[in-house]
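Below is one structure, written out as structure tokens; comments come after it.
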Amino acid sequence: MAAPRTLGGILAPVTTPFDARTGAVDGAAFESNLRAHLQAGLAGVVVAGSNGEAPLLDEAERLLLVERARTIVPHDRWLLAGTGAESTRASVRLAREAALRGADAALVVGPHYYGAAILSAMALAAHFQRIADESPIPVVLYNIPKYMHYSLAPQLVNELAAHGNVRGIKDSSGDLSLLSTYLNAQSDRFAVLIGNAQLLAEGVRAGIDGGIVAVSMFAPALTLELFDAARRGDASAAALQERLAPLGREIVGTLSVPGVKAALDIVGLAGGQPRPPLLPLSHEATTLVRTMLHEAGVIAA
């Protein structure tokens, strides 16, 4: 089990670099990126999440990432593993295997392939409760309507927050009113984290514990400066948020994984190509990413 410490701060939902020739996971590049993220002062990392191209990885690759990450991530930083799957059984198995490889918690996205057939409150409650019952490590719920095509209902989150092994929720909805309902479930043992960098300052004012935001991989100093300023109630937070918001909205939100990987390349980390069927950015889009990073003060001209 993870140490009973607060889940919070800024965590990076890390990408998965691939070997340009073979297409296999590039473990050395992955570890190099992790070292850079941690040296930048982030509170931890999430592996095999949305930005890690989890749907495009096989199970062995997902678990390899956890195993290699644990050799880099010290135990005073968080190591979360994406263990969501379409079947409850598969998600339980992934959580167990991730625990064996040293993950501190399992980030579990809701199943979504069967649409309305799976979206009943009863079905989702049974799904998450069984995972929480059987997972050796704490469970963090993951709400991302962009990919799930629905949101976790506030009543369901409230119910799950009472489970002894459900430790928090990452909300990537971009909906502050929905976030506020999740904050009603917040407690000393249930954390609420935001997944949208463009709303980070507003989230802090609302009371979030932290964020799992992709911009922290390629703009860590700006992200942490904003987070700290917002927590202090410093007036500088508004200007910092204005600089960070386009990076979250356009590079992460619009350009998605290919945009994030291009940004990593530009700042000197290992981005590389996404795994097919995703395609790398065009030259024009990459130039736009570079311009945005410059305008935000992340890179020099």
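Can you give the extra length, in nm with one decimal, that the chain gains between Asn158 and His112 once fully stretched, where that is 0.36 nm per residue apart less the Cα-Cα distance? Let's see the in-between values first.
Details: separation 46, 0.36 × 46 = 16.56 nm, distance 2.05 nm.
Gain on stretching Asn158 to His112: 14.5 nm.
Restricting to the chain, compute how many DSSP beta bridges are antiparallel as a %, nearest 5.
Values: 2 of 30 bridges.
Bridges in the chain that DSSP calls antiparallel: roughly 5 percent.
Taking 7 Å along the Cα-to-C-beta vector as the label spot, tell me the Leu176-Arg275 distance in nanometres, rounded to one decimal.
3.7 nm
Specify whether the C-alpha gyration tensor of the range 55-102 places it in the rounded, prolate or oblate class, a ≥ b ≥ c being the square roots of the eigenvalues: rounded for a/c under 1.5, otherwise prolate if a/b is larger than b/c and oblate if not.
Numbers: a/c = 2.36, a/b = 1.77, b/c = 1.34.
Prolate, because a/c is 1.5 or more and a/b exceeds b/c.
In the chain, once you exclude exposed chymotrypsin sites (Phe, Trp or Tyr not before Pro) (DSSP loop, at most 12 other Cβ within 10 angstrom), what's the longest stretch remaining? Mind showing how you got there, number by number?
Working: sites that count: Tyr113, Tyr114.
With chymotrypsin sites (Phe, Trp or Tyr not before Pro) excluded where exposed in loops, the chain gives 115-301 as its longest stretch.
Let's test the formula: R0 of 35 Å, r as the Cβ-Cβ distance of Asp188 and Ala300. What FRET efficiency results, to the nearest 0.05?
E(calc), rounded to 0.05, equals 0.20.
When the Cα centres of the range 214-272 and the range 111-139 are compared, how far apart do they sit, in Å?
31 Å
Could you calculate the contour length gain from Thr6 to Gln39, that is, 0.36 nm times the residue separation minus the distance between their Cα atoms, to one decimal place in nm?
The span from Thr6 to Gln39 would gain 9.9 nm if fully extended.
Rg to Rh for the chain: what is it, with Cα atoms only and Rh by Kirkwood?
0.94
Which trypsin sites (Lys or Arg not before Pro) from the range 4-48 combine a DSSP loop assignment with at most 15 other Cβ atoms within 10 Å? Don't skip to the answer; put the middle values down first.
Values: sites: Arg5, Arg21, Arg35; in loops: Arg5, Arg21.
Filter output for the range 4-48: Arg5, Arg21.
Bear in mind these aren't lab numbers, they're just calculated from the coordinates by the rules spelled out. Because the structure is predicted, anything quoted here is derived from the model rather than measured. Because the Cβ atoms are built from the backbone with ideal geometry, glycine has one as well, and the counts that use them run over all protein chains shown.
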